[in-house]
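Heads up, the thing below is written out as structure tokens.
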Amino acid sequence: MPLRTSIAIDGPAGSGKSTIAKMLSAATGLPYLSTGEMYRAIALCVLRAKIDPYEADGVLKCALDSKISAVPDGRGGFRILCGEEDVTGLLKSPEVGRASSPVAIHAAVRKLMVSLQRGIAADNDVIMDGRDIGTVVLKESERKIYLDATVEERARRRLLDFKGDGIGYEEVLNDLKERDRRDSSREVDPLRPAEGALIIDSTNMSPQQVVDEIISRFCIKAGGLGDA
């Protein structure tokens, strides 16, 4: 399946993928899709159906029955649908986030999502972020980025997202450590930098500094892309 213009961004939770992808979307005009939201949509459906997120057959059936899809929202992003229901605004809760990691370890579920994501990339110029974009989904892309930061810094950033939810730093830190363990050790498509990816440690960098480095490396111009 041929791919169109794309930027692939990978990295662990809290590394700044979504922030950087949105800023690059504004700079290039390419729409932005967080593939993690597709797994979160499955997690939401699994929680609603009271299915164990570690139970592979039940999760796959739920994913198939829910008919997860992503459609352009006309504002530079994508809406995430479960059938006809737009669930985009329901995917940021800590409960859904915690369930999305075990949901994503199942080989059949990942195969389903990769197929959907590659279909999106075949139909749209796109910036995608996730944990297997440069290594699996958009492995043909000439613009691959791996964002990282210390787990302590990532916990600090994630805590800002949960401000007002009564969640403490240690809880967020421990959750990230567990997610890192699952993401990097799963048998299918573990989290790792893609071959040839631009690797950026953003621990002591502002989002704009990260974007500037990416723009410089990949010759990105306002409103478009240069040669990689």
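Every read-out reported here was derived from the displayed coordinates using simple, explicitly stated rules and does not represent laboratory data. Remember, predicted model here, so these are calculated numbers, not experimental data. For neighbour counting, all protein chains shown are included, and Cβ atoms are generated from backbone atoms with ideal geometry for every residue, glycine included.
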Percent relative contact order of region 1-121, based on C-alpha pairs within less than 8 angstrom and at least six residues apart?
28 percent
Taking each pair of different alpha-carbon atoms in the chain once, compute 1/r for the pair, average those values, and report the inverse of that mean as the Kirkwood hydrodynamic radius in Å to one decimal.
17.7 Å
Taking the Cα centre of each part, how many Å lie between region 14-75 and region 169-194?
17 Å
Paramagnetic label zone (point 7 Å from Cα along Cα-to-C-beta, residue 181; backbone N under 19 Å) in region 10-53
12-14, 53
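Averaging sequence separations of C-alpha pairs under 8 Å and six or more residues apart, then dividing by the length of the chain, give the relative contact order as a whole percent. Could you put the intermediate results ahead of the total?
Details: 392 pairs, mean separation 73.3, N = 228.
This gives 32 percent for the chain.
Counting only C-alpha contacts under 8 Å and six or more residues apart, can you give the relative contact order of region 58-110 as a whole percent?
Working: 40 pairs, mean separation 14.7, N = 53.
Contact order relative to length: 28 percent.
With helices defined as uninterrupted DSSP H runs, which ones in the chain have an alpha carbon span along their own long axis of at least 20 Å and mean Kyte-Doolittle hydropathy of at least 0.0? Each step should come with its number before you reach the end.
Values: long enough: 107-123 (24 Å, 0.50); 169-185 (24 Å, -1.94).
Helices meeting the criterion: 107-123.
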Lysines near residue 139 by alpha-carbon distance under 29 Å, same-chain residues fewer than 8 away left out - which ones?
17, 22, 61, 67, 92, 111, 177, 221
With labels modelled as points extended 7 Å from the Cα through the Cβ direction, what inter-label distance (nm, one decimal) is found for residue 165 paired with residue 5?
3.5 nm
